[in-house]
Every structure is written in structure tokens, then in C-alpha cells.
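**Q** Handing you a structure now.
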Amino acid sequence: MIDFPKNYDFSVSELKWQKFWEEKKLYESHPDPAKKKFSIVIPPPNVTGILHFGHMLNNTIQDIYSRWKRMEGYEVCWVPGMDHAGIATQVMVEKELAKEGKTKYDLGREKFIELVWDWKEKNGGVILKQLRKLGASVDWSKERFTFDEGLSNNVRKVFVDLYKKGLIYRGNRIVNWDSVSQTVISDDEIFYEERNDKLYFLKYFLENSDAYIPIATTRPETLFGDTAVAVNPDDERYKMFKNKRVILPFLNKLIPVIEDSYVDMTFGTGALKITPAHDINDFEVGQRHKLEAITVIDRNSRLNKNTGEFEGLDIPEAREKIIESLKKLNLWIKEEDLIHNVALSDRTKAVIETSLSEQWFVNMKKLAEPAIEVVENGLIKFYPERYTKVYFHWMKNIRDWCISRQLWWGHQIPIWYNKNSGDIYCDINPPEDLENWRQDEDVLDTWFSSWLWPLSVFGWENSENDKQNEVLNYYYPTDFLSTAPEIIFLWVARMIMAGMEYMKQIPFKEVYFHSTVRDGKGVKMSKSLGNFSDAISLMDKYGTDSMRFTIVYLAPLGNDVLFDEEKTQIGRNFVTKLWNAGRFIMMTKDKLSDLKVDQLQDYKEDLIDKWIESRYNSTLINAERYLSEYRLNDYTKTIYSFVWSDFCDWYIELIKIKINEYSNYSHTIITSAVNYYEKILKILHPVIPFVTEELWHLIEEGREDKSISFERIQKSVKNGIDLTSEENFETFKEIVTSIRNLKVENNISAKTPSQIKIISSDQKFEDKITTFKDYIIKLCNLETLEFLKSIDSSEKYGTAVINNYEIFLLLTDGAASAVDVSKLEKEIEGLEKYVAGLQKKLSNQNFLEKAEGVIIDKEKQKLIEAEQKLIKMKSLINNS
RNA sequence: GGGCGGUUAGCUCAGUUGGUUAGAGCGCUACGUUGACAUCGUAGAGGUCAUUGGUUCGAAUCCAUUACCGCCCACCA
């Protein structure tokens, strides 16, 4: 006899199995040519990261596929790891330093990097511990870090290779400069904030004339960098200025008036000053018109030597002084209030200065071509499918990738400049006579290492040896990638490009973009908004399985998850239900184990057995289908309803009757119940791994060294569905529900034994019912259940009319009135409308000519049934 | 501003190629607790499928329009 606790203690169980799985190295994978493989690489979380709801959802999804495929017999490999996350990590350590009143410059580059490594060893990687807590069945022996040696080598190799192919170049481009962190940041690290600002109107006088062109600008301090004034070619107002020159204030320099359709005639004055060095659009206009780009703001956001008397001033100061001077010079018109978006740095909240800077770029056009093709050809599929459009739009308009970052924590660019000759040396290893060379100070964008992730984690070396790389050849391409939609360009698209360039093969076959997790009101969860519940503490409170189940249950493909603490009930209640069903089965098994052999008889299968087998097969077919379509919520829902509605509400209740009435069958009955229960545990294991492992061990002795995660889930079989049994069972449920309802309506306690009479026009109906007559009697607590041709009208009855049969509940003394007339009338009214609608449809020539025969027959059948029902209901009302 | 989605019961969502009196879970209401489970059971009430128009014998489903919501991209001097 197994001790089966009344309550499930998830905290003990989860720790136990987490340890068991890892210590036994169950999920370590090795290439096995005899088996089909299934491989996934984790989207490497930041080394600074902690597990939030997005991670919980994403890693649960990956775990579901890993576990399901493993149970289907695949050699599954799910590779974990982390990203060194340049800016995020560096900023974190810099903040620590700041507490001691120090900056990174006090330490110097080398010492600072050492410090970051220390920080990583001590505080980094919290999220990997949390992945263990989540139950992620990853292969820990393959854990990688984007900054570890192998991956760093890969990064250098790829840089050198692209450089030698001429795809990496150094160029002057407009970049986003964060003057606080002193680095260039990408567009993705910027957010926009609406601010109240001023729009200033200035006069730029025409050369040798009293006429001026009015300029509207929010940034008068950049006028020193103006190299043109632009107007729209269609703008009649400035016709006289076209192809002439105007005088730039202060510098008295002549700049041309150019025409460019980029200029919006309706905004400001319709005349725009062009400052190619400090605005992305101006830069583009400048390129079109071959204008010079003059930098006037330095890296500390101060005006530089090109601004004459204003040199050294910061921006607000300079702006004020410039306006003052313009007024004195009579170059001032007016100012207006303006609400516009200001770009700010995600990390430092500093106002972003767009300025011209020398950076390293990757030319993306060539790399993008094959990456577009493989998605067009369907070699890579996106779920939800609509992301393919988003992908194409971006890929077909791809811009060059600025890969240099002015940080210390990251892969330093493998470029050396000769101190004497200025020659450039680019190689994986430093030049031999190092004292004559100076390495480029910049590091590479973090994504420059993560775009190689699917190759590098499997030991890619970009050499001839690759062909002998058994591990890489076995696992690449991976089968599945699950990630957040916001990194489709930053990461997903780039991995495809790297995969095509270096493996000549796609990096993954299917990409799932998971739901964004929002709070109950639909607001994206974030720490700053304070609507952020701590995922880990909720796991402690409700159990990991409950959280996993709930979050997947709430995550439909392509939609957001609206999550709040209250909703964890779904998962928690389900886990409890599953536990209690197991407890019932085990208790019953124990109780019946005393039965002697001579008490057993041959077990006769009945409707229940056929029905539950069919329901199981339907559930399995659905589960497989939903998983293959990445409809994870439907996968959980279909199993949920099988377990709760079919197995617990009906199957177990009927088992109870079988056992109480025919205890001599019970061994077979309980064997069968255990069998279905184990099947349930298996198909649920991918989503709720801990409790299913616990239950699987409790349900049968002798499994100490085994894990449910290696039990096989057999593929579904189509002919496992028995529609007749399912339909008959539905009729059975319909009768039971109707009788229970009749009792409630007539104020008869469920416990009171009642007499039921059923009248049917269908001769076969009685035969059909007979097979489950006894179950009806027991479930509804009946004294008698009779089939009659007519009813004794001297008695009072509660009645239910159901299609081709009627149920009569005999009302004994003191029972309430037999028929609720008003309710019945309402029903009749609805039914009459329905019948009229059908009649109209069936007398419509067009319908009869154009609709398919099957449809017409179906409608005719509906009409017959409805008319029958109507007649019965009317007679009911007449009799009352 | 450009692109892409969405709008079905109080809430969150299903609804296959147009042919149901439109479904589920949660919530709500009533009743029910000594034998798996009150984290439960039984039963019930709830929707003119966002608007308007069109295609069709027939529209939640296809097309167009409007309104609102969301996401992504670009960012306006």
C-alpha cells in the first residue's frame, strides 16, 4: 500500500524532482544517429536578468516541446546559456562603482573588465537558477555564455571574415549618442517622450537683398552646422529664393536654398534649415544634395569650436544666448509652443544627441537576400504567420548595421592601427609586434555575438573541421525557436542571415513569437509602472506547475496574455483536481486489493469503456494538432476539459457506480482507470512536469530510478475515435442532466428517490437507453425508470421535451405546480420562430436549387425535429 | 505619418473551406458537505457576434466603410 498524502506539497515535490532530474543528468543529450533529434537553443537571457513573466511563458513553451518530443522518442537537446549584455551589465557595475565614488576610468579598462567578470561570477546568472526552479529540461552540460572563449573566437572569426569580404566598413554616419554613458546606442535602446518645447522662427536673409526666408526650428544652436536651407519644390511662396543663397547668422556664410520633397510645406514656415551632422533626415537630404556635414556639438553635448563665441556652452545655455543675440541682430521673428517627441536613452534617460560619428558598419543587403529567400520558400515558418510580412518589410528595406559600441564590456573589435603608418590590421589574433599597433577601442554590439548563437553553442569553428563536427551536424539546424516578437529584427532576422552565410543552412525551422504578458488591465508589465508582480514569489506561493499551466492556458497564439494573481487559480485548482483524482484511484485500488480471485468475473465492456477510449483518442489527436500549430492554450484547454469534464465528472462517477454495484468486476475496472490516469499524466507532463512526476511515482511502486519524462506517448490513431459511442454517451448525459434539472425545477431534493417515465417516438430509442439505464437510475437517484407509449393523465408530472423524446418526472404529494407555463410559452415562441425560419428557407426555390443536397437534407431533418418538439410542448401546455 | 492585427456573454477567449436556435473557462445566481476534491458538486441566467453598406438562396465567417483598441516601423523640423 502506498501512502498517498491528502494534500500535495508542491514545495517539497518540486525541489525533489528538480534535483533528481539534474543529478541523474536526464536531459543531457548526445548525438545518436539511430534516433531523430529535436533541438532548441534558448534565447539567451541577459546575465543581469531575473526571471519575469515573459521568461516564464517563453521557457515553459520551450519546455513543453522538449518534453513532448522526448516522450515521443526523439533525442532532445535544449541548450541553455546567457548573454553578456554589453550596456546592461556595464551600467550595473558602474553603478556599484559609483557607490564608492569611483568611475570605470579610475580602474582602467583591464581592471574594470575583471571587476565585471567578478560581478558575473558572484551575482550573474540568477536566471539560470530560476530556470531550474521552472523545471526547464535543458541540457546543462551544454550551457554557454556569449562572452566565453569559444563564442568570442567565433565573433572574431566572423568579424574578420566579413571585413575581408568587404562587408564591414568604417563610415561616418548619424548615430544616437548618449552623452551620459558616452556611447553610441542603437535605435532600439531609445524611447520617445512627448515634451513641451518651443518652435523658434528665424530670419535667413537672401544674399544682397532685404528679403529673408523664415526658418522654423526647435534647435537654433545647431545653426552653425547648417549647410543649406531646403524648401519643397512645389512651394510657391519661396519661388524667388530657389537656387539662390542665404546668409547664415553669426558666421555670415552663404548657404544654398535647395529643393527637396522631404520638406513638409504645412509645418512651421515650410523652410527648413539643413544640418547634416546633427539630424538623420538632414543627413539624408545632405547626401542627396552633396552637402558638407559640419559637427557643432561635441560628445559632452557642448558646442564646439565651430560655434565661435558660443564654444563650450551646454545646449540650454547656448540656446538662450543665441536667441538673445539673434534678437539683437534683428534676425528673430517669434516663438511658438510645440509638443513633440524627444529621444531619450533607455538606460540613462539622457537626451539623445544625433551626431555624426565614425563607426563600424555591416553592409546588410547581400546577407539579407538568402535570408529573405528561405522564408519566402517556406523553409522557415513563423507563428503567428503575420510576422512573415513584418519580416519581409524590414528585410527588404534593410539598413546597414552599426556594430561598434563605445563600451568596455564586450568583444573588442579585432582591428589594429599601426602607430606609424596608420595601416589597418584585421585578424583573429593580434599582430606580432604589438608595440607598434593600437587596437580599436570599441567593442561589438551584443547582438553581434548572439546572431551566431545557434551555430556557436554547438561548437562551430568556421573551418574545414566543421564537416567533422559531429555535434553541430547532428543538432543543426535546430527545430524550433521561441522568442519575444520585439526582437524579430535584432535577433531572429540576424540569426537567419548568419546561418545562411556560415552554414549555408537555416538556423531553425519554425519560429514561435510568444505573447506579451500584460497585467489584468492590459498594461504591459514593467517595474517602472509598478504593475509588475514578481514571478518567482508567485511560484513560491502557488507552485511552479500552477503558474506554468495558467500562463500557457492564457496565452493564445498571436494575442497578449492578461495576467493577474487571481488567475493562478486556474492552474492551482487544476493541479488539485488532478491530485484528488489520483487519490481516489489509489484509495479504490487499495480497497479492492483484498478481493479474492474467486470473486472475479470476466469484465464486460460497456458504453463507458468505449466512450472514454474514444474521448482519450480525440484528446490526443487535438493535443498533437494544437502543438503542431503552436496553439498552446488550446493544447492545455483540450486536456483540461478531458481531465475535468470527461474523466473526473463522468468517468470516475460512473466507476463509483460500477464498483458499488458490481464489485466483482473491480480489478479490471481499476486497472482500466489507472491506465487512463497514467495516460493523462503523460500528456500533461510537458506542461506540469513536477506534479505529474510525483503522481506517476505514487501510482505504481518500483519507479524510484525512473522518470515519467522518458515514458512514451504513443502517436494518436484516427480509428481510435468511436463516434457512435460518443453520441450515445451524449444522449446519456442529456437524459441525466434533464432529470436533475427537473428535480431542481420542481423543488425535489436530489436525494429524494423519484419515478421517471420516458416517452419516445423512436422505437430504437429504448434499446439504446437500456444499455445505460442502470447508470441513470443511480446518478439521478431514481426509484423507477420506465419507457411508456403514453402517460397516465391523472397524475402530475414535471416534463422536459428533448427532440424526439420526453421525460416525465412524477410529482408526489406536496410537490410544486407541474408546468411553468410562462417559461414554456416563451420556449414555444422561440421554437415557432425557428420553425417558421426553416419553413421559409425550405420553400425558397433559390435555396433548393443552389444549396448542396446534404445541407438541404440537414435542414429538413431539423424542421421535422423542431416540429415534433413543438407539438409536444403545445400539448403539454394544453394539458396543464 | 506608414504597415500589421484585433473588436463574439460581466472578464479571457473558441468558432476549420460561408449552411448551429453562436460555444468554453472564469465570474454571477440557486441548491448541495461523513467516504477523491468546497482549490468541490449539481443546475441555471447571460450575446441583435463594434458600425454601416455590399456579395450570396444563406454572413460571426467573404468584400468595402466608419469608429475604437493594440503592436511594429518611421519620427516632423
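The values are calculated or read from the model by the stated rules, or taken from the named source; none is laboratory data. These numbers were taken from a predicted model, which means no experiment stands behind them. We place every Cβ from the backbone using ideal geometry, glycine too, and count neighbours over all the protein chains shown.
**Q** Can you give me the ranges of the strands (runs of 3 or more DSSP E) entirely in the range A:122-219 with at least 1 residues that are hydroxyl-bearing (Ser, Thr, Tyr), within 16 Å of RNA strand B (Cβ to nearest atom) and closer than 21 Å to A:Ile87 by Cα?
**A** In the range A:122-219, A:190-205 are the strands (runs of 3 or more DSSP E) which contain 1 or more residues that are hydroxyl-bearing (Ser, Thr, Tyr), within 16 Å of RNA strand B (Cβ to nearest atom) and closer than 21 Å to A:Ile87 by Cα.
**Q** Then there's this: Which of the helices (runs of 4 or more DSSP H) found entirely inside the range A:279-378 contain at least 3 residues meeting this: away from RNA strand B (no atom under 13 Å from the Cβ) and modelled with pLDDT of 85 or more?
**A** Per the criteria, A:315-328, A:365-376.
**Q** Right, another one. Filter the range A:720-735 for residues that are within 11 Å of RNA strand B (Cβ to nearest atom) and either in contact with a helix residue (DSSP H, G or I) (Cβ under 9 Å, 6 or more places away or on another chain) or among the hydrophobic types (A, V, I, L, M, F, W, C) (or both) and give the result.
**A** A:Lys733, A:Ile735
**Q** Under the condition of being in a loop (DSSP other than H, G, I, E, B), in contact (Cβ under 8 Å) with a residue 40 or more places away in the chain and under 48 Å from the mean Cα position of the chain (by Cα), which residue from the range A:220-252 is surrounded by the most Cβ atoms within 10 Å (Cβ to Cβ)?
**A** Selected residue: A:Asp226.
**Q** Please find, within the range A:783-806, the residue that is surrounded by the most Cβ atoms within 10 Å (Cβ to Cβ) out of those that are hydroxyl-bearing (Ser, Thr, Tyr) and under 9 Å from A:Lys757 (Cβ atoms).
**A** A:Tyr797
**Q** Those residues that are loosely packed, with under 15 Cβ neighbours inside 10 Å and closer than 19 Å to A:Glu704 by Cα, I need them from the range A:1-15; list them, please.
**A** Answer for the range A:1-15, where residues must be loosely packed, with under 15 Cβ neighbours inside 10 Å and closer than 19 Å to A:Glu704 by Cα: A:Met1, A:Ile2, A:Asp3, A:Pro5, A:Asp9, A:Val12, A:Leu15.
**Q** On to the next question. Is it the case that the range A:80-103 has a residue that's aliphatic (A, V, I, L, M) and modelled with pLDDT of 90 or more?
**A** The answer is yes; a qualifying residue exists.
**Q** Another question about this same structure. If you take the residues in the range A:253-272 that are outside any loop (DSSP other than H, G, I, E, B) and more than 9 Å from RNA strand B (Cβ to nearest atom), which one is farthest from A:Tyr238 (Cα to Cα)?
**A** A:Lys253
**Q** Taking into account only those residues within the range A:692-734 that are touching a residue at least 40 places away in the same chain (Cβ under 8 Å) and aromatic (Phe, Trp, Tyr), which is farthest from A:Gly73 (Cα to Cα)?
**A** Residue satisfying both the conditions and the ranking: A:Phe732.
**Q** Among (1) at pLDDT 90 or above; (2) part of a loop (DSSP other than H, G, I, E, B), where does A:Ser749 come up short?
**A** The failed condition is (1).
**Q** Quick one: count up the residues across the range A:836-880 that are more than 7 Å from RNA strand B (Cβ to nearest atom), in a helix (DSSP H, G or I) and over 47 Å from the mean Cα position of the chain (by Cα).
**A** Number satisfying all stated conditions: 21.
**Q** Let me ask another. I'm told A:Ile621 meets every condition in (1) at pLDDT 90 or above; (2) among the aliphatic types (A, V, I, L, M); (3) under 22 Å from A:Tyr553 (Cβ atoms); (4) surrounded by 20 or more Cβ atoms within 10 Å (Cβ to Cβ) except one. Can you identify the failing condition by its number?
**A** (4)
**Q** Out of the residues in the range A:549-581 that are within 8 Å of RNA strand B (Cβ to nearest atom) and among the small types (Gly, Ala, Ser), state the one that is modelled with the highest pLDDT.
**A** A:Ala581
**Q** Looking at (1) part of a helix (DSSP H, G or I); (2) modelled with pLDDT of 85 or more; (3) more than 12 Å from RNA strand B (Cβ to nearest atom), which one does A:Lys768 not meet, given that it meets all the others?
**A** (2)
**Q** Residue by residue through the range A:763-781, note down the ones that are acidic (Asp, Glu) and out of contact with any strand residue (DSSP E or B) (no Cβ under 7 Å at 6 or more places or on another chain). Walk me through how you get there before you give the answer.
**A** Quick first cut of the range A:763-781, residues acidic (Asp, Glu) only: A:766-767, A:774.
Listed by number, the residues that qualify are A:Asp767, A:Asp774.
**Q** I would also like to ask the following. Quick one: what pairs do we get from the range A:851-867, first residue farther than 15 Å from A:Ile828 by Cα, second more than 9 Å from RNA strand B (Cβ to nearest atom) and part of a helix (DSSP H, G or I), C-beta under 8 Å, 6+ apart or different chains?
**A** These pairs meet every condition: A:Ile856/A:Leu842; A:Glu859/A:Leu842; A:Lys860/A:Leu842.
Quick grid of which residues meet (1) more than 29 Å from A:Val246 (Cβ to Cβ); (2) crowded, with 20+ Cβ neighbours inside 10 Å:
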site: A:Asp161; (1), (2): yes, no
site: A:Lys165; (1), (2): yes, no
site: A:Ile168; (1), (2): yes, yes
site: A:Ile174; (1), (2): no, yes
site: A:Ile190; (1), (2): yes, no
site: A:Glu193; (1), (2): yes, no
site: A:Lys198; (1), (2): no, no
site: A:Phe205; (1), (2): no, no
site: A:Ala211; (1), (2): no, no
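**Q** Residues of the range A:618-631 being within 11 Å of RNA strand B (Cβ to nearest atom) and under 20 Å from the mean Cα position of the chain (by Cα), which ones? Break it down stepwise before answering.
**A** Filtering the range A:618-631 down to residues within 11 Å of RNA strand B (Cβ to nearest atom) leaves A:622, A:625-626, A:629, A:631.
Scanning the range A:618-631 gives A:Arg625, A:Tyr626, A:Glu629, A:Arg631.
**Q** Hey, another quick one. Hey, could you check the range A:709-718 for residues that are surrounded by fewer than 22 Cβ atoms within 10 Å (Cβ to Cβ) and part of a helix (DSSP H, G or I) and say which is modelled with the lowest pLDDT?
**A** A:Lys718
**Q** Let me ask something additional. Looking only at residues in the range A:736-762 that are within 15 Å of RNA strand B (Cβ to nearest atom) and free of Cβ contacts under 8 Å to residues at least 40 places away in the same chain, which one is surrounded by the fewest Cβ atoms within 10 Å (Cβ to Cβ)?
**A** Pass one, the range A:736-762, residues within 15 Å of RNA strand B (Cβ to nearest atom): A:736-752, A:754, A:756.
Still in the running and free of Cβ contacts under 8 Å to residues at least 40 places away in the same chain: A:737, A:744, A:749-752.
On the way: A:Thr737: 14, A:Val744: 12, A:Ser749: 9, A:Ala750: 11, A:Lys751: 7, A:Thr752: 13.
Across the range A:736-762, the extreme among qualifying residues is A:Lys751.
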